[in-house]
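Worksheet for the structure shown next.
Just so it is clear, none of the values below were taken in a lab; they were calculated from the coordinates. These numbers come from a predicted model, not from an experiment. Positions of Cβ are generated from backbone atoms using ideal geometry, with glycine treated the same way; all protein chains shown enter the neighbour counts.
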């Protein structure tokens, strides 16, 4: 006879007494008595255990967990056949050899894949059956073992024996016994659960009140023992409270720590909890500003939600100047110019109350005086004139004036930043300075705008090939760090550079990806700029229906109050131009110009609205006003971007006298070739072809039109190709390629090396470098349509020398005729 008593530790005194009586008086009877109890927490009656030890036929048996071989046998019963050793190892590691947990894993796999499957999964499917089995093991193991398991689950990775004992209020021996029992049952290994699923199952089974209490106690203990802030902050986050005085500070420190590893969501969660727990209004604003800065990593829309709340708070809670400065710069980075000025003006007004406290003769500089509207890095242009007529170094029409100083104060001149200093050497010096900055500056929340401005400086100064390089560099870094908001910013800049290199297809693909990555629930003003660029590309490619579709999509409510609204209005004007609605286009261009002047960002490099309006005026027959606007824009960039100069000269040529048109277009062509603007060059070439026809030079006109057509095809500008045929005489002078304008609102300059679109034969640029200076000059003139005799007269060489040079050029470049000469020759050589 077999008498089995399971969980004997739960037996009452009378039952245990009767069992002992049987054990003493039935030694010779054929009776087997089996008692089971857990390894830890099972000895409630010492007398019962001691009496059993007195019996001569008593034997204690400790049941071990299954070894690897035992696990393989269980799996072989479920899935007959040869099992992969790695599969057996994974099941053994997850179950710890516990038969109940192992069978639970098998059942979970069958429930997940169906009972008909013949092979186990390489990765065990731990589901609800496994969770229930784990909790059952803990229940059967005793209350003390269960509490220790709960403590391990709450403390997580940062756990040791002392912390666990303090959290659970257990003695050393009791804790050691329970840890040993959990280890023997295969649930834990070295103070941690064998899987995240097991830990989550224990935590999910806790009552919410107990879980919050344990996390708060854990946070107290960890903070007291000097644990890293992010460890303590995680417990505060799990508890959803930070009641202690030190709680807010720990959460802020933890957010900065996890940001070092680019854990953006964790940082946002910590700061959100710190904001809700903080009672100081000023500190709450500072936390919200930091949240807005971090949220830019995710999306511009997420950051704008925080900015709106800070704006409301600042209207009722004055803040220190340093906080106002950082917030104003953040507003400027998002293009909210009016709001930034409002914040600065309020700070200046509040600060006037402290003027009398300044010692006589003391010089201070208000921090917000250094706040600048977002724009190109660095400012370029002629000297800016102050209201009293005195010149100011380093300024110009493209230099944004800083907000006025507080009246009655003397401000010390702050040290000039590298990008604000006017340097000799022209664009090359600016390009070198910008690239030097990009090489040494890491990508962080605080340097993002500096890096974007440096890349815009490369665009403005004609180094779009370097723009592509740096955008690709920072796109890789942003993607590797999981920051889609940063990716969108660099992708937009890269698309602009691609447009003016003539790669419209790549630019459209990049902009579509940029828009797809933006959230649709909370739209941002930045989306308006991306849409504007995409509309311009669609117009250039002749896809007017696509442009209309993008212009009709819902936009953020904050867009009209942002600098990105200028780009959007300009794109809408270009769409009206493409559809021959010139009055509507003119209204959009002029409205954008008025708003740019009101905001203090009326710079041709940012918004060439004057030449846009000039082209609309030309269509309406207003030549005089068109010429005035084009001339005004040219004077604003006297030493600035060659691309904007070329655009201005182009408009002046079309609006000016006919006898000077060819010379002015030639000058515009030189500037655009210097800027390596393939699309702008094609537009000028089409108008130059018309001008040559009017001047009675059909051969020159044919060469110009042929090269313009070739450029337009390589760029994919379908709208330009409509001009491939000679124009009617009455329409030539007022037919600029306005409908296919693709200049983005920000300055974009093509690279020094020709784009793939401009050079279908990728080896052509490399081969052209093999030409001597003389051969290059001859080839450039031949590419521009000059005859051998005209080349000889222009270069003061004989006609036979010209023929010899061309023979060598054809051989080196592997072409058969003049029309096949690469376009890079005419864009890089000046004769």
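With contacts defined as alpha carbon pairs under 8 Å and 6 or more residues apart, what's the relative contact order of the range 427-740 in percent?
15 percent
Remind me, what semi-axes does the range 128-206 give for its equivalent ellipsoid, largest first in whole Å, using sqrt of 5 times each Cα gyration tensor eigenvalue?
After scaling each eigenvalue by five and taking roots: 19, 13, 11 Å.
If you bin the C-alpha pair distances of the range 427-740 every 10 Å from 0, what whole percents do you get?
Values per bin, smallest distances first: 6, 27, 36, 22, 8, 1, 0.
Given points 7 Å out from each Cα along the Cα-Cβ axis, report the residue 820 to residue 68 separation in nanometres with one decimal.
Simple spin-label model gives 6.9 nm for this pair.
Multiply the residue gap between residue 204 and residue 342 by 0.36 nm, knock off their C-alpha separation, and tell me the result in nm, one decimal place.
44.8 nm
Sorted from fewest to most neighbouring beta carbons within 10 Å, what does the list 486, 79 look like?
Final ranking by Cβ density, sparse to dense: 79, 486.
Equivalent ellipsoid semi-axes for the range 557-610, as square roots of 5 times the alpha carbon gyration tensor eigenvalues: give them largest first, rounded to whole Å.
Here the semi-axes work out to 19, 12, 9 Å.
State, to one decimal in nm², a quarter of the convex hull surface area for the C-alpha atoms of the range 432-500, i.e. the direction-averaged projected area.
Orientation-averaged projected area of the Cα hull: 4.1 nm².
Rg (Å, one decimal) plus Dmax (Å, integer) for the alpha carbons of the range 150-248?
13.4, 42
Let me check against my output: what whole-number percent is the relative contact order of the range 172-306, with C-alpha pairs under 8 Å and at least 6 apart?
14 percent
Stretch residue 770-residue 628 to full length: gain in nm at 0.36 nm per residue minus the Cα-Cα span?
Extra length available between residue 770 and residue 628 comes to 46.6 nm.
Can you compute log10 of I(q)/I(0) for the range 68-126 with the Debye formula, treating each Cα as one identical point scatterer, at q = 0.20, 0.21 Å⁻¹?
Scattering profile of the range 68-126, log10 relative to I(0): -0.63, -0.70.
What FRET efficiency would be calculated for the residue pair residue 516, residue 481, taking the C-beta separation as r and a Förster radius of 22 Å, to the nearest 0.05?
0.65
By counting other Cβ atoms within 10 Å of each Cβ, how are 317, 137, 715, 471 ranked from fewest to most?
317, 137, 471, 715
For the range 1-124, report the translational diffusion coefficient in µm²/s to the nearest whole number, using Stokes-Einstein at 25 °C, 0.890 mPa s, and a Kirkwood Rh over Cα pairs.
Roughly 139 µm²/s, to the nearest whole number.
For the range 490-603, evaluate the Debye formula with one uniform point scatterer on each Cα (no solvent term) and list log10 I(q)/I(0) at q = 0.14, 0.18 Å⁻¹, rounded to two decimals.
The Cα Debye sum returns log10 ratios of -0.56, -0.93.
Which order do 86, 812 fall in if you start with the one that has the fewest other Cβ atoms within 10 Å?
86, 812
Consider a paramagnetic label point 7 Å from the Cα of residue 128 along Cα→Cβ; state which residues of the range 95-114 have an amide N under 13 Å from it.
Under cut-off, by backbone N: 108, 111-112.
Using 0.36 nm per residue of separation minus the Cα-Cα distance, give me the extension gain between residue 29 and residue 262 in nm, one decimal.
Additional length available on full extension: 76.6 nm.
Return the equivalent ellipsoid semi-axes of the range 451-545 as a descending list in whole Å, where each equals the square root of 5 times an eigenvalue of the C-alpha gyration tensor.
They are 20, 19, 11 Å, listed largest first.
Ratio of Rg to Rh for the range 2-54, alpha carbon only, Kirkwood?
The Rg/Rh ratio comes out at 0.94.
Please give the Cα centre distance for the range 270-284 versus the range 454-476, rounded to the nearest Å.
First find each Cα centre; the distance between them is then 39 Å.
Which FRET efficiency, nearest 0.05, do residue 447 and residue 272 yield, Cβ-Cβ r, R0 22 Å?
Rounded to the nearest 0.05, the efficiency is 0.35.
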